[in-house]
Amino acid sequence: MGLLETTWMPRRFRSFAWLAWPVWAFLALALFYPLWQILALGVGEGLGPTLANPYYWGRLAWSLAYGLGSSLLVIALALPLAYAFRYRFPGRDLWLSLATVPFVLPTIVVALGFLALVGPHGVLGINLYGTPWILFWASAFYNLGLVLRMLVAVLPALEPPLAAARTLGAPPLRAYWRVGAPLLAPALLAGGGLTFLYSFSSFGLPLLLGGSRYATIEVEVYGLLAYRLAFPEATALILLQLAVLALVSFLYLNAQTRLSLSLAPSALPKALPSAAAWRLAAGVWLFFLALYAPLLALLARALAAPEALASAWTGGDFTPGALALANTLRFAGLSLLVALPVGFAYAYAVWRGDKGLDLAGLFPLMVSPVAVGLGYLLAYPSLSGSLLILIGAYALLSYPLLARALLPALRALPKGVLEAARVLGASPWRRLWRVEWPLLRPALLSGTALALAAVVGEFGATLVLRRPEWTTLSLAIYERLGKPGAEPFREALALAGLLAVLAGGVFLLLDRGRRAVG
């Protein structure tokens, strides 16, 4: 493994074992202590009245239905698409790359896109605001690409056993049901579990698209904080949410472990006759154009009114867009100064074999941004006016993306090269800098791109912890959406277009750098 082996390895491999301790300290301050405050208040005062209120059970039921329905919809769409991507057709690689673009877009940008297309003043003239259909569509927009890439990676593993079963005389349908389905099940469970986790804990989309009738638990928590200051009830709802997320996370991790055993080496797509390839391409292109229509509507309406961006830039009755952009970039840069060392140290410690830290690192993925914001208000009331509290939240929410991009690269480091460097007398630091660092740079850039894109569009924690002087682009958009009239909406669209370009540009710029050094 290199520098950081498990603790029973020889002493020369323990040079960087201390890296785990700063990560534990960060998690203790930024995650576990705030969670403890939520637990203490939720169990002590809020749990009983909350469990006795049927209204909150209704919010929980809808949140579960939204998560489950989104999972089923995404799987139903991703599975036939994955089979289509097993073949070579014009535009295949382009669409497979673009499929993950929604994942780096801020939720408020996506919500504005749907409002621009099928909102009260949408270009299609159909108002789906406040209906479950717009929420399920938005969930498919976000999660389809991740599940699609997962299925495209696992489908080649089905072909040899299916071919063997048909050779032994099994009919195609029976061979698929008895042989293919069990092999495909882990990928479906992992993809469905991931979609459920994102949808069940979703905040921005239900808040902006669902209305009060289709508010999730996360939206309800924010409402209790912002309008009633009902901290006990809010913490109790967070505990219910965490219980569901912990259970689904366990099932997801189990499915992901089984999935890693069934992944096949990447296979070349199969060739098709020219006419069939073009028919398949037309179908895939039409599907993705329909799926991404909200984003296209947002960009079209933002570009159609350039004067709205000029008005939003100076602010008028709202926070100036120039100040919001400066805050967004400043907070992203400051949080990256924390997330980079924490993510790097976490990845190295887990690679070394720190199972406890590996398990603890899952908690930031289960805790929602709104819960993080509430926990910080309870744990550090004296810091509510300090920028430290916001930067800490940003770093906590972004470092797992960076660390999870680094871990596969660390595990893929060639043992022979590392051992040769050690035998030749290179010190641990010299091996890190001269051997491992060049091999890790592409993964580090990729993880940094994901972390920055997530921070640039962060909405939930920023909304809970907000102060007027901390207004980011996301909050400036939300501020304008709260006012009636066509002009504030046009300004919100213009700022959303700017935020989409910023988040996408940061991701593409760093990803291009990753490709250049990789």
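Read the figures in this text as sums done on the coordinates, not as results from a lab. Please read all numbers here as calculations on a predicted model, not as lab measurements. Every residue, glycine among them, receives a Cβ derived from its backbone with ideal geometry; neighbour counts consider all protein chains shown.
What the table below lists for this structure:
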read-out: Phi-based couplings in Hz for the range 389-397 (Karplus 6.51, -1.76, 1.60; Gly and Pro marked x); value: 5, 6, 5, x, 5, 4, 5, 4, 7
read-out: Alpha carbon centroid spacing (whole Å) that separates the range 115-132 from the range 273-290; value: 28
read-out: Built amide H within the under 5 Å cut-off of TYR87, gap 5+; value: LYS270
read-out: Relative exposure of VAL506, VAL43, VAL372, judged by other C-beta atoms within 10 Å (fewest first); value: VAL43, VAL506, VAL372
read-out: Sorted by Cβ neighbour density within 10 Å, fewest at the top, the residues ARG228, ARG352; value: ARG228, ARG352
read-out: At R0 = 45 Å, FRET efficiency that the Cβ-Cβ distance of ARG467 and TRP278 yields, to 0.05; value: 0.20
read-out: Calculated FRET value between LYS355 and LEU39, using beta carbons and R₀ = 22 Å, to 0.05; value: 0.40
read-out: Local electrostatic count, TRP278, Cβ distance below 15 Å [Lys/Arg +1, Asp/Glu -1]; value: +3
read-out: Peptides ranked, highest mean first, by Cβ atoms within 10 Å: ranges 458-464, 84-90; value: 458-464, 84-90
read-out: Full-stretch length increase - LEU98, LEU383 - with 0.36 nm per residue and alpha-carbon distance subtracted; value: 98.5 nm
